[in-house]
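Presented below is the structure to which this report refers.
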Amino acid sequence: MTFFYKERKLILAIESSCDETSVAVIENGDQILSNIVASQVKSHRRFGGVVPEVASRHHVEEITLCIEDALMEAEVGPADLSGVAVTYGPGLVGALLIGISAAKAFAWAHDLPLIPVNHMSGHIYAAHFVEPLQFPLMALLVSGGHTELVYMKETGSFEIIGETRDDAAGEAYDKVGRVLGLSYPSGKEIDTLAHLGQDTYHFPRAMMKEDNYDFSFSGLKSSFINTVHNAQQREEALSIENLAASFQASVIDVLVDKTIRACKEYPVKQLVMAGGVAANQGLRERLSQEIADQLPETTFIVPPLRLCGDNAAMIGAAAFVEAEKGHLADAHLNAEPSLSFKTIGQ
Ligand code: KG4
Ligand code: ZN
């Protein structure tokens, strides 16, 4: 099937890679007509993390309702659409398959082309709702499952120049949050606590001085857990605010240091920060300050909070680029849980 725009440039986008079921209608690649997000976070909270089977069940219950709501809110019908976009990876296989099956069924029923979208490219293109992306561009992707620096020479081209060797930044937030007895996901709460404390514990800054753009957060996590356990054994009091501030200072130091270095080596017009951890207030403030001081020619773009977490609007924005490149899928489209920028054409 070929791709062509109808009277209006409208794409229906579906996202179900983790624990949010989301459907959006996007016009012209940069206007959100609707962006319905059904979060399952309450169901996963009591388990301290996302339970894949529970996630899939929720997606099944929510997906058709979200599609109906997204169309209704956008005040459009299937006949107005030019295509259906869907996240096909990376993510939880069962969760991805629900979105993919719904997208295929909808596309088939309404004779629409199917546009497969990489979830991480969606996180980057969320910035396109703030201002048009300009290339070359650097993206710092920080979420619960990923921490990577992606260089984009042009639209739709992705080169990972650095990534985490172990835990993702968001994963580290959630794991130390668990040790502090905070509820899942704990990034936001640690961010709030960090603003009330000081960096008194001086946790390590892993790999900061190494001559590459890779990250590591498991040493920081172990150091944090050891500090808490040792204090508990000695029955010493700990300051939860100072622990949060010290942990956050270490995460921010390495992310900011490597990102600034990368932007110096690969001169870019824009730096985009995206993914759930991009909601972090401390990280936003530090990175924007450092960019202003050290790279005043580079524009720093962070999507608004509601577009930092998983949502279908960002998938719709990325889909316009894929559609224009003619990257379409047929009914054989399958979930690719480990999809990486390395596994798609550059
Ligand atoms: O992108 P996202 O919504 O889902 C994934 O694709 O992973 O990111 C979720 C992650 C969680 O680990 C959560 O703790 C973290 O983003 N997060 C934060 C903040 N808000 C959410 N981490 C640090 N500071 C925040 N304010
Ligand atoms: Zn995500």
Near pairs, Cβ below 9 angstrom, 6+ apart or cross-chain, from the range 275-291 (hydroxyl-bearing (Ser, Thr, Tyr)) to any residue that is more than 16 Å from ligand 2 (Cβ to nearest atom): Ser288/Phe300
Flag for Ser56 being more than 15 Å from ligand 1 (Cβ to nearest atom), at negative phi and either surrounded by 16 or more Cβ atoms within 10 Å (Cβ to Cβ) or assigned by TED's automatic domain parsing to the domain that holds Ala313 (or both): yes
Hey, Ile115 away from ligand 1 (no atom under 15 Å from the Cβ), in contact with a strand residue (DSSP E or B) (Cβ under 8 Å, 6 or more places away or on another chain) and at pLDDT below 95 or not: no
Residues being under 11 Å from the mean Cα position of the chain (by Cα) and among the β-branched types (Val, Ile, Thr) - total across the range 135-164: 2
Failed item, numbered, when Glu73 is tested on (1) out of contact with any strand residue (DSSP E or B) (no Cβ under 8 Å at 6 or more places or on another chain); (2) within 23 Å of Glu20 (Cβ to Cβ); (3) among the acidic types (Asp, Glu); (4) not assigned by TED's automatic domain parsing to the domain that holds Phe247: (1)
Exclusive hit being touching a Pro at 6+ places or on another chain (Cβ under 7 Å) and touching a residue at least 40 places away in the same chain (Cβ under 8 Å), set Gly122, Gly99, Gly83: Gly83
Which numbered condition Ala102 misses (of (1) at pLDDT 95 or above; (2) under 15 Å from Met314 (Cβ atoms); (3) small (Gly, Ala, Ser)): (2)
Of the criteria (1) under 20 Å from Thr64 (Cα atoms); (2) aromatic (Phe, Trp, Tyr); (3) within 16 Å of ligand 1 (Cβ to nearest atom), which one Trp108 fails: (3)
Residue match in the range 324-333 (condition: surrounded by 20 or more Cβ atoms within 10 Å (Cβ to Cβ) and touching a Leu at 6+ places or on another chain (Cβ under 7 Å)): yes
Criterion violated by Thr21 - all others in (1) hydroxyl-bearing (Ser, Thr, Tyr); (2) over 25 Å from Leu328 (Cβ atoms); (3) within 16 Å of ligand 2 (Cβ to nearest atom) satisfied: (2)
Residue within the range 275-289 that is of a type in the set (S, T, N, Q) and touching a strand residue (DSSP E or B) at 6+ places or on another chain (Cβ under 6 Å) present: yes
Filtered residues of the range 261-285 (kept if surrounded by fewer than 18 Cβ atoms within 10 Å (Cβ to Cβ), part of a helix (DSSP H, G or I) and more than 15 Å from ligand 1 (Cβ to nearest atom)): Arg261, Lys264, Glu265
Whichever residue in the range 1-35 is surrounded by fewer than 24 Cβ atoms within 10 Å (Cβ to Cβ) and among the β-branched types (Val, Ile, Thr) and, among such residues, is nearest to the chain's Cα centre (by Cα): Ile32
Residue list for the range 119-156, filter: part of a loop (DSSP other than H, G, I, E, B), under 19 Å from Thr298 (Cβ atoms) and not acidic (Asp, Glu): Val130, Pro132, Leu133, Gln134, Phe135, Pro136, Lys153, Thr155
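The values are calculated or read from the model by the stated rules, or taken from the named source; none is laboratory data. Since the model is a prediction, treat every value here as computed from it, not as a measurement. Please note: Cβ atoms are built from the backbone with ideal geometry, for glycine as well, and neighbour counts cover all protein chains shown.
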